[in-house]
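The structure under discussion appears below in the form of structure tokens.
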Amino acid sequence: MTERVKPDIGAFSYREVDRDILATLGRPGKLYMALLAVCLLCVAIGAVSWVYLVLKGMGVTGLNNPVGWGLLITTFVFWVGIGHAGTLISAILYLLRVSWRTAIFRAAEASTIFAVATAGLFPLIHLGRLWVMYYIMPYPSGRELWPNFRSPLVWDVLAISTYLTVSAVFFFVGLVPDIAAVRDRTPPGIRKTLLKFLSLGWMGSGRQWKHYMAAYVFFAGLATPLVISVHSVVSWDFAMSIVPGWHTTIFAPYFVAGAILSGLAMVLTIVIPLRKAFRVEHIIRMYHLESMAKLLLFTSLIVGYAYGVEFFTAWYSGNVFEKAIFTYRPTGDYALPFWTMVICNTIVPLLFFIRKIRTNLITLFIISILVNIGMWFERYNIIVTSLSHEFLPHSWGVYRISLTEYGILIGSFGWFFLLFLSFIKILPAISVAEVKESMGFPPRKGGHA
Amino acid sequence: MTRDERIRKVLASGPADPGKGFVLTMVLMIALGAAGLGLGFFAGAANAGWTSILTGLVLAAGIGASGVLISAIFTLTNARFGRAYVRLAESFAGFMPVALVLAIVFVALGGTSLPWAHDAGHLTGGKAVWLRRGFWDLRVIGALLLSFSVSIAYLYYSIRRDWAAIPGKLRETYSGIARAFAGRNLDGKDQETERMRCAGRLDVLAPIVAMVYAITFTMLGFDLIMALDPLWYSTLFGAWYFIGNLFATMALLAIVSIVLHRPLGLGAWITPSHRSDLATLLFAFCLVNADFFWSQYLTIWYGNLPEETGYVMKRTLDGDLPWRVVSWLSLVAFLAFPFILLLFRRVKRSGFLLSIVSIVCISGIFMARYIEIAPELLGIAAPARLDALYVPFASALLTFIGVLGVGLLVSMRVLRGMPVMPVGDDIFHAVHADEGDHS
Amino acid sequence: MTSAELLGVFESHDAFLKVIEQAGSRKVTIREIFSPVPDHHAVERLAGRKSPIRYVTAAGGIAGLVAGIALALLTARVWNLVVGGKPVMSIVPVVVVGFELTILFGALATLAGLFFFGRLPFVRFPVGAYREEFSLDRFGIWLECEVSQREPIERWLRESGAVRVERIGRPDAAEGIS
């Protein structure tokens, strides 16, 4: 199953690449429909759970004193994290001129947007009374009340909405030349008219490309600090408090690395079946997957470093509360989530040091799923254990996830994959223009256009 | 240009010779350093001399290890840019012996200046064990030795890969440590096999270099700087220290490549567009460094816990102490100034402007390290005004200049024994073949 | 002046670039070029000036910074209440708000700049010289020359490697895209 092919797509012509990528938009098969049905079912479970929660109130969750943030906030942080690989691959690797991004960045970007869109639901669900959610927006109201900008929760609203907006713009701008390519291959009809409209009249003219290329660099340049700030701000939701296990300086870089780790794992989970189903193994190659695996290993090492430093400092500092929480995590009520997190995030990825494992589709896929699970538990571990075990023993307590919360969790996965599945049949999940660019200009050796 | 022609072109300018002017400047810098040390030990506040040595030590160790780390990062990422800078960065290994000497001197003689050394009985938690003198000494020297030996192993294969790419006769013109060290026993061997073997070893060593660097320098940051105030702790401190090293090293790399552009014959390989790439990288490191600074500061500001905040207030707010001026200057120098200037293309492409910005960056990192070390070591008690700081600060600054002088002299000696470009590196050749070998 | 318009269609990128380069020494004006991929080489040769989008981005970013800081500080003043022991007008939290809005406004300004300078959405799509193969694997050069020069220019294009040379009909001459 191991394949070692150099990143040489030069054996193909533009025409073939165009054909193969656009073929992914063809009539969906049975498997696709089945997956879609499963997703819809999950969404339905989630919707029913949410409606139940709204009707009955927050009492139907496991939240109570002292644990006021549980599965919903955990899942929020999880999905925001998933949304980080897309911008990393599309913006940071673009600025660093890393060649392997071209084949996968579109799928990664799409997963970013859908993940952030999923994440955004959770604070609203967690509100309980979501119809008052507009209170958090800064607008001049009759009550003369403004959001408190000194609160990290308000930063979060700004950061996430900025992130969603900017990634959507970046994504759409990147899509325009590809929509034009689809448009030109589509026979006249309603679909073509619609595509004409969406492609903004793109012709690949000199003027268009000139400003497009300039703008693209700036989008990438703006998205890079943004992506780092988003998960930093999420980490500050916790680190700005004085809760032991939350209030620590390493949180921002540690969360960013963790976000990228989980995002890469999710992109791998998505891309491995995708390339097989769409028969684009010659475009998304083992080389691309291996490069992602290496990056995943690197971020996993950073996350492991952060785990280690936190434990070391708790021991070194002599602060009894720090020491208490870091003893509680591996040995207390939540030992299972803790060890799941440690094993999945820091030990299992070490296998990627072995080339055979990181170039094998099955092991890649399994490890990527394990990391996804591990990263969900990391957030659970951070959020819930700290609240369960704050300063004074009389205020300790254990949180149990309720059935309603599980329903919403399932619904969020259904929602994310539903969006993704719809996307890959409407627009090309691989960038036509950039794959062509990465091939070099024609005529090339072996090309038979 | 074929691969062979390119190799000949690199070697045509002969062994690296920075020129007399450079050597003289370095000697002058060393003299200033000696004067600075003298000032610290004989004219400054209590422990001013040891403060200067410790500041020089943490910076020299950082630069020595980061040079090789930068090369390892390029290997790890298969980055296409920056290849022409690899060798120059590697030569900064010359700072390692300097750091080691300073460390031995400090551990052997300066340990009494450590604030916690006298009343270790007050230490609680793990600190009571961690900060026991013998253990501490062992860790500091051990961490430096570990980091340096891994770096030198990497350096060996990196240089040997080049020598293996060079035909036998051409090697003869070179002498020096690096040549004797990594260019041995090549005659009669199949050079291409040897080159590939070295490349394979580099692939294995690069991640090891990075991991060992992260661990040892986290420990050094904790031991040499953070533990000076044994009550204070910050989980990010290790990372904050080593990212600062990388930033300062990148800035030093920019300066050296600009100043020695002509004497080292870099003109054919480093064009303004490459310089602009390096400046972009410098900008990126400036931002990451700022991000780490901010993550640390913000968390402490919000938490407002006495054991954390006191450390920051003493350095940034306390009007009865002289430190805040240095703190804010440092912030301007490592963040505001380079951030604004490096936005401009003109600065990034101009050698003169870029070297000015780089000097400011390095002085910013110097001040950051100084402000972490000096308040704990120097016996300056409140109320004290800024003038109490003149002599100790001048001592530390001059000592650092001297450390730079020694380090760069040794680095240039190291560079003499190897080609100034990584001629055994396939990516180096690929990049220059694609760019059409300008001029 | 009676002018004629020609479209050269290229398969080889080298030939395409060479024609752009040599156009200066012939009596022709390049009205537009078409390429299926982002093409730095062609754009650099054709349009000397850098895209002005960078100024728009910078202006947007600065506006965002000012807006963010102003929003956070001024709203804090309206509701003058110490929360969590933090001063009402504190600088530290404002930095985050300013930062996020810098990025947001900068990105939106860049988008606006792209639309403005790139004339997007381009409502008169497609211009007469556009061919659907330009989004697939062909490069196109749309030239304008004097009618008397038409035949030598056509010959030159063919000799330079154009796979096809077309005459663009009169109705399009009135339209322009640049």
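The values are calculated or read from the model by the stated rules, or taken from the named source; none is laboratory data. Since we're looking at a predicted model, the values are computed, not measured. Don't worry about glycine lacking a Cβ; one is built from the backbone with ideal geometry, like all the others, and counts go over all protein chains shown.
Of note:
- Conditions (1) buried (at least 23 other Cβ atoms within 10 Å of the Cβ); (2) more than 14 Å from chain A (Cβ to nearest Cβ); (3) at pLDDT 90 or above: number failed by B:T316: (1)
- The residues of the stretch B:238-259 that are within 18 Å of B:E90 (Cα to Cα), crowded, with 23+ Cβ neighbours inside 10 Å and more than 14 Å from the chain's Cα centre (by Cα) amount to a single one, B:S257.
- Qualifying residue in the stretch A:77-97 (condition: within 20 Å of A:L274 (Cβ to Cβ), part of a helix (DSSP H, G or I) and modelled with pLDDT of 90 or more): yes
- Restricting attention to the stretch A:180-210 and to residues that are more than 7 Å from every other protein chain (Cβ to nearest Cβ) and crowded, with 22+ Cβ neighbours inside 10 Å, the residue that is farthest from A:G26 (Cα to Cα) turns out to be A:W202.
- Residue in the stretch A:258-277 that is buried (at least 24 other Cβ atoms within 10 Å of the Cβ), in contact with a Ser or Thr (Cβ under 6 Å, 6 or more places away or on another chain) and at the interface with chain B (Cβ under 10 Å from one of its Cβ atoms) present: no
- Verdict on B:R262 being surrounded by fewer than 19 Cβ atoms within 10 Å (Cβ to Cβ), under 22 Å from B:V10 (Cβ atoms) and either at the interface with chain A (Cβ under 9 Å from one of its Cβ atoms) or of a type in the set (D, E, K, R) (or both): yes
Matching residues to (1) closer than 29 Å to B:T51 by Cβ; (2) surrounded by fewer than 24 Cβ atoms within 10 Å (Cβ to Cβ); (3) under 24 Å from the mean Cα position of the chain (by Cα):
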site	(1), (2), (3)
B:G379	yes, yes, no
B:D387	yes, yes, no
B:L408	yes, no, yes
B:E435	no, yes, no
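- Checking the stated criteria, A:G245 turns out not to satisfy the condition of being touching a residue at least 24 places away in the same chain (Cβ under 8 Å), in contact with a His (Cβ under 7 Å, 6 or more places away or on another chain) and more than 7 Å from chain C (Cβ to nearest Cβ).
- Enumerated helices (runs of 4 or more DSSP H) restricted to the stretch B:42-156, each holding at least 1 residues that are more than 18 Å from the chain's Cα centre (by Cα) and surrounded by fewer than 16 Cβ atoms within 10 Å (Cβ to Cβ): B:95-105, B:127-130
- Residues within the stretch B:281-309 that are free of Cβ contacts under 8 Å to residues at least 12 places away in the same chain, more than 7 Å from every other protein chain (Cβ to nearest Cβ) and of a type in the set (F, W, Y), tallied: 1
- Some residue of the stretch C:17-30 being in contact with a Phe, Trp or Tyr (Cβ under 6 Å, 6 or more places away or on another chain) and either more than 8 Å from chain A (Cβ to nearest Cβ) or at negative phi (or both): no
- The set of residues in the stretch A:292-321 being farther than 18 Å from A:N345 by Cα and facing another protein chain (nearest Cβ under 9 Å) consists of A:F312, A:T313, A:A314, A:W315, A:Y316, A:S317, A:G318, A:N319, A:V320.
- Filtered by the rule that a residue be among the aliphatic types (A, V, I, L, M) and closer than 21 Å to B:P263 by Cβ, the stretch B:402-439 gives B:L404, B:V406, B:L408, B:L409, B:V410, B:M412, B:V414, B:L415, B:M418, B:V420, B:M421, B:V423.
- Scanning the stretch A:311-360 for residues that are in a loop (DSSP other than H, G, I, E, B) and over 30 Å from A:E290 (Cα atoms) gives A:G318, A:N319, A:G332, A:D333, A:Y334.
- Unmet requirement for C:A112, which otherwise passes all of (1) under 19 Å from the mean Cα position of the chain (by Cα); (2) without any contact (Cβ under 8 Å) to a residue 24 or more places away in the chain; (3) surrounded by fewer than 19 Cβ atoms within 10 Å (Cβ to Cβ): (2)
- Unmet requirement for B:A336, which otherwise passes all of (1) in a loop (DSSP other than H, G, I, E, B); (2) under 30 Å from B:A227 (Cα atoms); (3) not acidic (D, E): (1)
- Condition broken by A:P147, with the remaining ones in (1) in contact with a Pro (Cβ under 7 Å, 6 or more places away or on another chain); (2) away from every other protein chain (no Cβ under 14 Å) satisfied: (2)
Table: residues versus (1) at pLDDT below 90; (2) within 17 Å of A:P253 (Cβ to Cβ).
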residue	(1), (2)
B:L260	no, no
B:L264	yes, no
B:W269	yes, no
B:W294	no, yes
B:T299	no, yes
B:T309	no, no
B:L321	no, no
B:V325	no, no
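Results for (1) in contact (Cβ under 8 Å) with a residue 12 or more places away in the chain; (2) of a type in the set (S, T, Y); (3) over 18 Å from A:A108 (Cα atoms), shown as yes or no for each residue.
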| residue | (1), (2), (3) |
| --- | --- |
| A:S241 | no, yes, yes |
| A:Y254 | yes, yes, yes |
| A:V267 | yes, no, no |
| A:R275 | no, no, no |
| A:R285 | yes, no, no |
| A:L289 | yes, no, no |
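- The listed residues are A:W415, A:W396, and the only one of them that is farther than 25 Å from A:V116 by Cβ and surrounded by fewer than 23 Cβ atoms within 10 Å (Cβ to Cβ) turns out to be A:W396.
- Test: residue in the stretch B:321-332 that is of a type in the set (G, A, S) and in contact with a helix residue (DSSP H, G or I) (Cβ under 9 Å, 6 or more places away or on another chain): yes
- One residue from B:T77, B:T51 being out of contact with any Pro (no Cβ under 8 Å at 6 or more places or on another chain) and β-branched (V, I, T): B:T77
- Breaking point among (1) surrounded by fewer than 18 Cβ atoms within 10 Å (Cβ to Cβ); (2) at pLDDT below 95, for A:Y52: (2)
- Residue within the stretch A:156-169 that is more than 11 Å from every other protein chain (Cβ to nearest Cβ), assigned to a helix (DSSP H, G or I) and in contact (Cβ under 8 Å) with a residue 12 or more places away in the chain present: no
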